[in-house]
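Contents: one structure, followed by commentary.
We did not get these values from a lab; they are worked out from the coordinates using the rules stated. Worth saying up front: this structure is predicted, and the values here are computed from it rather than measured. Cβ atoms come from the backbone with ideal geometry, glycine included; neighbour counts cover every protein chain shown.
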Amino acid sequence: MMQIAEIALDLSYTDTKVWARVYAPVRTASDEEWSCSFEISEPLAIERTIYGGSSLQALMLALKTMSSYLYGSEAYENKQLGIGGEFGGNLSIPAPSIILETAPFPF
């Protein structure tokens with residue numbers, strides 16, 4: 001897998017960073033769809049592969065899913081996850097509109 005993007009997020013209680021990484025979409029074995037993988041490091045520890053009908057669709061769905069995990073996490077909810085020393089606010093990643101009550105701005 002080829003990494004195409006990453007961001008380091010802060011935790012309020014440690015200097016350890018939470019890394020969110022996205023990998024380039026790839027065609028599936030059947031050649032009929034695309035997959036795009038992402039991972040979020042500890043303490044969230046999430047790895048997922050998302051599928052779409054095109055590489056762009058797979059990438060967008062992976063970003064939306066990753067965003068949902070970040071903004072929906074207990075760490076974010078408890079204002080322990082942030083960026084640039086600001087916690088519980090903008091993570092510089094758009095959020096799916098379904099969680100706008102929690103997240104700062106939509107995809």
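General observations
- In the chain, helices alone account for a calculated mean residue ellipticity at 222 nm of -6000 deg cm²/dmol, with every DSSP H run of four or more residues adding -39,500 (n - 2.57).
- Theoretical FRET efficiency, 1/(1+(r/R0)^6), r = Cβ-Cβ of S68 and W19, R0 22 Å, to 0.05: 0.80
- Prolate/oblate/rounded call for region 3-99, Cα gyration tensor, a/c under 1.5 rounded: prolate
- Principal-axis tilt of helix 55-71 within the chain, Cα atoms, nearest 10 degrees: 20 degrees
- Amide H partners (placed H, <5 Å) of A95, local residues excluded: F105, F107
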